[in-house]
Amino acid sequence: MSMPGKQAVVFGAGKIARGFIAHLLALSGYAVTFVEKSPELVAALRRRGRYTVEIMGAPEKSMVIEGFGVLACGETEAIAARVAAASVIFVSIGGPNLPEMAPLLAEGLRRRTEGVNVILCENYFQPGQWLRRLIAERLAPVEAQWCANNVGVVETMVLRSVIEPPPDLQHRDPLALKAQDMWELPADKQAFVGPVPSILGLAPKENFQGGLVRKLFTYNAINAVISYIGRLKGYELLSDAANDPQLEAVARQASQEVAPALCREFGFDPEDQRRFAESAIAKYQRREIVDPLERNARDPMRKLGRHDRLVGPACLALEHGITPAALGTGIAAALRYDCPDDPSAVRLQQIIRDGGLAAALRQVCGIEPEGALGKLIAAAYQEMPR
């Protein structure tokens, strides 16, 4: 394969990697090489050599992505060579998989003579700090120091939704994806080393960490409240649940509970924060985004973590003297989430069966059952349908 001037390595070939990152890179003139763990996906990408990104509500912006390379995770030498030559590196593999990917990245970085930016598209708590540590652990001290000075590890805020296509499109193109008409990728301006790569949509932002918390405690919190309560009410699609008037009211209340705390902590304008929350609700209500609730509710153990999208904003609200009633309802609904096909949900329900709700609050949520939030959640939990 030819090696043009602008080369990008993308760790991961899932929905965000193919339907957002590679899309922006292709429009920006980069040659893309995916590094993927799944043998089936590697084989499919190599066999077909192209896939469609269909933009929901704006079909004229849809695009066929082709001309990319694909490497399996076992091809360590080839991966290292591509990382060593890359103009930019993206990571979209799911936060828990970072330790598995770090050795591949470190081996390529130790061969570089020029700096590079590693751009993380992970919906995970402080993935940049973690990845830096994982890389440094695999390098000699002099190599680790070189990376600290010459390799940017940049967190981003992924706002585009990418979903599987309907059966008719999937039949024509098994790798096709449907994507939201959202093009900006906000990034931590202070984390870049050297010039910011010229990539369509990449938007360096000041006060990024505050913005990341804002997104997690607003967009993701609203999504979680809708998803977990929606599942209890029997909905199957995110948009159907979000358009339920009662659920919409709870989601809006949840956003209002954390909003003053976010504004005080990070200096956001209250009206701007209100519009930000309303844009999230409007996004989830769009009927053209056919997104299963089960996908959004997946992995409740992680999403119920102390610093994640439900418990995190509830604790922040309490710190600022606000009772997080709607957020507490969302947490209770998440604790009721029981899906036999989701190992995280199975484990969660096992913890509750073995140790009661108190055990889940301590082990999963990181809060005390006898504290204010623990009591609020317990009361809401008892009122939830089983």
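The values are calculated or read from the model by the stated rules, or taken from the named source; none is laboratory data. The model shown is predicted, which means the values in this text are computed figures rather than measured ones. Note: ideal-geometry Cβ built from the backbone for every residue, glycine included; neighbour counts use all protein chains shown.
Things to note:
- Considering residues of the range 318-364 that are closer than 19 Å to residue 296 by Cβ and small (Gly, Ala, Ser) only, the residue surrounded by the fewest Cβ atoms within 10 Å (Cβ to Cβ): 344
- Selection over the range 127-162 of residues that are of a type in the set (Lys, Arg), farther than 19 Å from residue 88 by Cα and modelled with pLDDT of 95 or more gives a count of 2.
- Candidates 252, 286: the one that is in the same structural domain as residue 303 (by TED's automatic domain parsing), of a type outside the set (A, V, I, L, M, F, W, C) and at pLDDT below 95 is 286.
- Checking 322, 331 one by one, the residue that is modelled with pLDDT of 95 or more, closer than 17 Å to residue 255 by Cβ and either in a loop (DSSP other than H, G, I, E, B) or touching a strand residue (DSSP E or B) at 6+ places or on another chain (Cβ under 6 Å) (or both) is 322 and no other.
- Of all the listed residues (17, 43, 13), the sole one being assigned to a loop (DSSP other than H, G, I, E, B), modelled with pLDDT of 95 or more and in the same structural domain as residue 98 (by TED's automatic domain parsing) is 13.
- Reported count of residues in the range 362-386, each being part of a helix (DSSP H, G or I) and within 24 Å of the chain's Cα centre (by Cα), is 3.
- The lone exception for residue 165 - which of (1) of a type outside the set (S, T, N, Q); (2) at pLDDT below 95; (3) assigned by TED's automatic domain parsing to the domain that holds residue 299 it fails: (3)
- From 216, 202, residue being closer than 30 Å to residue 114 by Cβ, in contact (Cβ under 8 Å) with a residue 60 or more places away in the chain and crowded, with 19+ Cβ neighbours inside 10 Å: 202
- Candidates 385, 313 - the one that is crowded, with 19+ Cβ neighbours inside 10 Å, of a type outside the set (A, V, I, L, M, F, W, C) and either closer than 20 Å to residue 229 by Cβ or at pLDDT 95 or above (or both): 313
- Tabulated pairs, the range 86-102, first under 17 Å from residue 38 (Cβ atoms), second assigned to a loop (DSSP other than H, G, I, E, B) and not hydrophobic (A, V, I, L, M, F, W, C), C-beta under 6 angstrom, 6+ apart or interchain: 92/12; 93/12
- Qualifying positions in the range 137-158 - closer than 29 Å to residue 214 by Cβ and surrounded by fewer than 18 Cβ atoms within 10 Å (Cβ to Cβ): 148
- Residue check for residue 297: under 30 Å from residue 170 (Cβ atoms), surrounded by 13 or more Cβ atoms within 10 Å (Cβ to Cβ) and touching a Lys or Arg at 6+ places or on another chain (Cβ under 8 Å): yes
- Leading residue by the ranking (modelled with the lowest pLDDT) among those in the range 88-126 that are among the hydroxyl-bearing types (Ser, Thr, Tyr) and within 22 Å of residue 208 (Cβ to Cβ): 124
- Options 360, 334, 378: the member that is within 17 Å of residue 315 (Cα to Cα) and in contact (Cβ under 8 Å) with a residue 60 or more places away in the chain: 334
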